[in-house]
1. Regarding the stretch 108-194, what are the three Cα extents along the principal axes, ordered largest first, in Å?
2. Give me, ordered by chain and number, the residues 5 or more places off residue 129 or on other chains with an amide H under 5 Å from its own placed amide H.
3. Would you grab the residues whose amide H sits under 5 Å from the one on residue 79? Only those 5+ places off in sequence or on another chain, please, with H modelled 1.01 Å from N.
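Every read-out reported here was derived from the displayed coordinates using simple, explicitly stated rules and does not represent laboratory data. None of the values given here were measured: they were computed from a predicted structure.
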Amino acid sequence: MLEQSNHWAQLVIYVIAAGTTAALLWAFLGKVDQTVTANGTLETTLGKVDVRSTTPGIVKRLWVKEGQEVRSGDRLAEVENQGLRARLDNTRRQIDLLRYENQLLNLLIDGAGLLPAVLPPPPAAISQEDRVRAIQLSVQENAAQMRQLRARLASQRETMRLKLSLADSLRTLFDSGGMARFDYLRASDEVQQWRSQ
């Protein structure tokens with residue numbers, strides 16, 4: 001029993017030694033990213049020029065070496081900014097979504113409130129976006145509302161035509177003395193109210 005625990009102790013010591021050795025090797029040989037924030041000053045024959053990055057980011061590549069002469073317009077460094085790239089990609093997706101929505105709304109306008117049975121597919125860049133389906137549903141709802149409004153407008157125009165015809169008939173009746181002035185004026189007022197709508 002004692003010998004077995006001695007083996008366990010040796011095993012634990014070997015594991016600790018191997019872990020320490022691996023950690024030391026990684027510390028000396030492993031690559032560690034370094035982040036440095038720096039503003040530079042270029043000394044020219046005419047004086048000093050401050051060089052500052054307009055956007056924060058990681059210097060991806062330096063195009064000049066220390067002591068190298070540069071001219072106005074020469075590229076000094078390339079800065080990679082993941083945040084700006086993500087914002088740019090997001091903005092491009094938003095533009096594609098708005099263009100697709102505009103395309104569907106133009107179809108709706110050109111079709112006088114009617115959409116084709118099959119909507120045109122979205123561009124590949126936004127085809128997997130959840131908002132594409134929401135845009136399609138919104139445009140289809142607008143089409144349904146336009147159809148309802150057109151039907152309602154046609155119905156009200158027909159009602160207006162009938163009321164005008166009735167008012168003309170009542171005028172003839174009023175002029176011949178077959179109707180009271182109050183009833184005729186009430187019918188004329190109702191026609192006027194319909195016209196104002």
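1. Between the extreme Cα coordinates on each principal axis of the stretch 108-194 lie 75, 18, 13 Å.
2. Excluding prolines and chain starts, which carry no amide H, there are no hits.
3. Under 5 Å from the amide H of residue 79: 60.
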